[in-house]
Amino acid sequence: MAHIHNLIDFTVAIFIVHKNKVLLVDHKKLKSWLPIGGHIELHENPEEALIREIKEECGLEVELIGGNKPDIQDNEATPLLAPLYMDIHSANPPHQHIGLIYFGKSATNNVSLAAAEHHNFRWFTREDIKNSEYKILRLVRFYAKEALQKLSD
């Protein structure tokens, strides 16, 4: 999706864990290993964007893991799953993204590659994440390690 604002947009990302491995995709445009994710569109809330991105980019059924979400029904507001982390990062300067970071668990590793966006996908072990052979950004490494620590068996 194109940027909504010329200076800043909101994005979602999810680090999906299956059997002590975390899923990353080799992003064609950004030339780096990244989690599943993308822009929050104007008609979406963050949870809707997260579910859409998961479906579009990998096709997995994922149990979303985030911060607190009150179990309250209210006509005035809708509680949302809070991200576990947030960051702000450059995305084609001077444009920036405010990233909402979630974790998730998948019962399967049967990924449907989004070939238009990604060269490949890989399920990374803890050791793989540390390997400098892979172009993994420092913050992506941190989140991936945290997801593995929190969600591994």
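The values are calculated or read from the model by the stated rules, or taken from the named source; none is laboratory data. As the structure is a prediction and not an experimental result, all values here were calculated from the model. All Cβ positions, glycine included, derive from the backbone under ideal geometry; neighbour counts span all protein chains shown.
If residue 48 meets every condition in (1) at pLDDT below 95; (2) out of contact with any strand residue (DSSP E or B) (no Cβ under 9 Å at 6 or more places or on another chain) apart from one, which number is that one?
(1)
If only one of 40, 65 is of a type in the set (A, V, I, L, M), touching a Ser or Thr at 6+ places or on another chain (Cβ under 7 Å) and under 25 Å from residue 145 (Cα atoms), which one is it? Explain how you work it out, then say what you get.
On the way: 65 fails: touching a Ser or Thr at 6+ places or on another chain (Cβ under 7 Å).
Exactly one residue qualifies, and that residue is 40.
Filter segment 1-46 for residues that are under 20 Å from residue 130 (Cα atoms) and of a type in the set (Val, Ile, Thr); which is surrounded by the fewest Cβ atoms within 10 Å (Cβ to Cβ)?
25
May I ask you to say which residue of 135, 150, 145 is surrounded by 13 or more Cβ atoms within 10 Å (Cβ to Cβ), touching a helix residue (DSSP H, G or I) at 6+ places or on another chain (Cβ under 8 Å) and of a type in the set (Lys, Arg)?
Only one candidate passes the filter, namely 145.
Exactly one condition in (1) assigned to a strand (DSSP E or B); (2) under 13 Å from residue 17 (Cα atoms); (3) not aromatic (Phe, Trp, Tyr) is false for residue 144; which is it?
(1)
Given the conditions (1) surrounded by 12 or more Cβ atoms within 10 Å (Cβ to Cβ); (2) β-branched (Val, Ile, Thr); (3) without any contact (Cβ under 8 Å) to a residue 40 or more places away in the chain, which single one is not true for residue 78?
If we test residue 78 against (1) surrounded by 12 or more Cβ atoms within 10 Å (Cβ to Cβ); (2) β-branched (Val, Ile, Thr); (3) without any contact (Cβ under 8 Å) to a residue 40 or more places away in the chain, just (1) comes out false.
Assuming residue 89 fulfils every condition listed in (1) at pLDDT below 95; (2) under 17 Å from the mean Cα position of the chain (by Cα); (3) surrounded by 12 or more Cβ atoms within 10 Å (Cβ to Cβ); (4) not polar (S, T, N, Q) apart from one, which condition is it?
Residue 89 satisfies every listed condition except (3).
Looking at segment 92-116, which of its residues are under 14 Å from the mean Cα position of the chain (by Cα) and buried (at least 16 other Cβ atoms within 10 Å of the Cβ)?
97, 99, 100, 101, 102, 103, 104, 105, 106
Based on this model, can you work out whether residue 39 counts as on the phi < 0 side of the Ramachandran plot and touching a Leu at 6+ places or on another chain (Cβ under 8 Å)? I'd like the intermediate steps shown before the answer.
Numbers: on the phi < 0 side of the Ramachandran plot: yes; touching a Leu at 6+ places or on another chain (Cβ under 8 Å): no.
Here the answer is no, as residue 39 does not meet what is asked.
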